[in-house]
Amino acid sequence: MEILIKPILTEKMSVQGDKLNRYGFIVNCKANKLQIKSAVEKMYGVVVTDVNTINYMGKVKSRYTKAGMLVGRTNNYKKAIVTLKSGDKIDFYSNI
């Protein structure tokens, strides 16, 4: 099971990374905090002190077309905010 899907690279998360040493990831919906902590520590070689998780439920979206009304749904996903030990950093742009 793939735990970490992708990092969150937004302006808000980059400010939290600079000031509070926190980084965000989109993670597998079935992953728990201990699995997320070990996956981040293994992948980036840092020490994780705290993990906060948020579950997002997908919204129902609809639109009108020539064929009638189309109804769909956006995906459910889970977000993890990881706090690192002071002094540790994650550089997402190093391998570009």
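The values are calculated or read from the model by the stated rules, or taken from the named source; none is laboratory data. Because the structure is a prediction, the values reported are computed rather than measured. Note: ideal-geometry Cβ built from the backbone for every residue, glycine included; neighbour counts use all protein chains shown. For the accessible areas, the whole protein counts, side chains as well, though only heavy atoms, and no ligand, DNA or RNA atoms are used. Shrake-Rupley method; radii C 1.70, N 1.55, O 1.52, S 1.80 Å.
Quick notes on this structure:
- Positions within region 3-19 being open to solvent by 100 Å² or more (accessible area, probe 1.4 Å) and touching a strand residue (DSSP E or B) at 6+ places or on another chain (Cβ under 9 Å), in sequence order: I5, K6, K12
- Scanning region 48-96 for residues that are more than 24 Å from T10 (Cβ to Cβ) and in contact with a Lys or Arg (Cβ under 8 Å, 6 or more places away or on another chain) yields V60, M69, L70, V71, G72.
- Any pair with Cβ under 8 angstrom, 6 or more apart, that starts in region 1-18 at a residue that is under 19 Å from S38 (Cα atoms) and ends at one that is among the acidic types (D, E): none
- Near pairs, Cβ below 6 angstrom, 6+ apart or cross-chain, from region 39-64 (in contact (Cβ under 8 Å) with a residue 12 or more places away in the chain) to any residue that is of a type in the set (G, A, S) and loosely packed, with under 11 Cβ neighbours inside 10 Å: K61/G72
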